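Below you'll find the structure, written out as structure tokens, and then a few comments.
What follows is calculated from the coordinates using simple rules that are stated; it is not laboratory data. Just so it is clear, the model here is predicted, and its values are computed rather than measured. As a convention, Cβ positions derive from the backbone with ideal geometry for all residues, glycine included, and neighbour counts pool all protein chains shown.
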């Protein structure tokens, strides 16, 4: 399953950091929207609990894609 958004995306060198709890990758848009920095970390834990993996990638033209693959 894949879910994408049309936000600013995450720099390639920081994709792994986005999966850490309470990490918010700062940009002007993230500061405006608030949040705790837990969403992707929780999604990763749920995927792993179901025997799967969560992978992040940037969408061409902007945005982020979170893909869950269950084994």
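Worth a mention:
- Additional length obtainable on full extension of the chain from residue 50 to residue 13, 0.36 nm per residue less Cα span: 10.6 nm
- Between residue 65 and residue 25, the simple label model (points 7 Å from Cα in the Cβ direction) yields a spacing of 1.5 nm.
- Subtracting the Cα-Cα distance of residue 58 and residue 38 from their residue separation scaled by 0.36 nm leaves 5.3 nm.
- Once the gyration tensor of the Cα atoms in the chain is diagonalised, the equivalent ellipsoid follows with semi-axes of 20, 14, 10 Å, ordered largest first.
- Top of 34, 52, 16 by mean-square fluctuation, Gaussian network on the chain, Cα under 10 Å: 34
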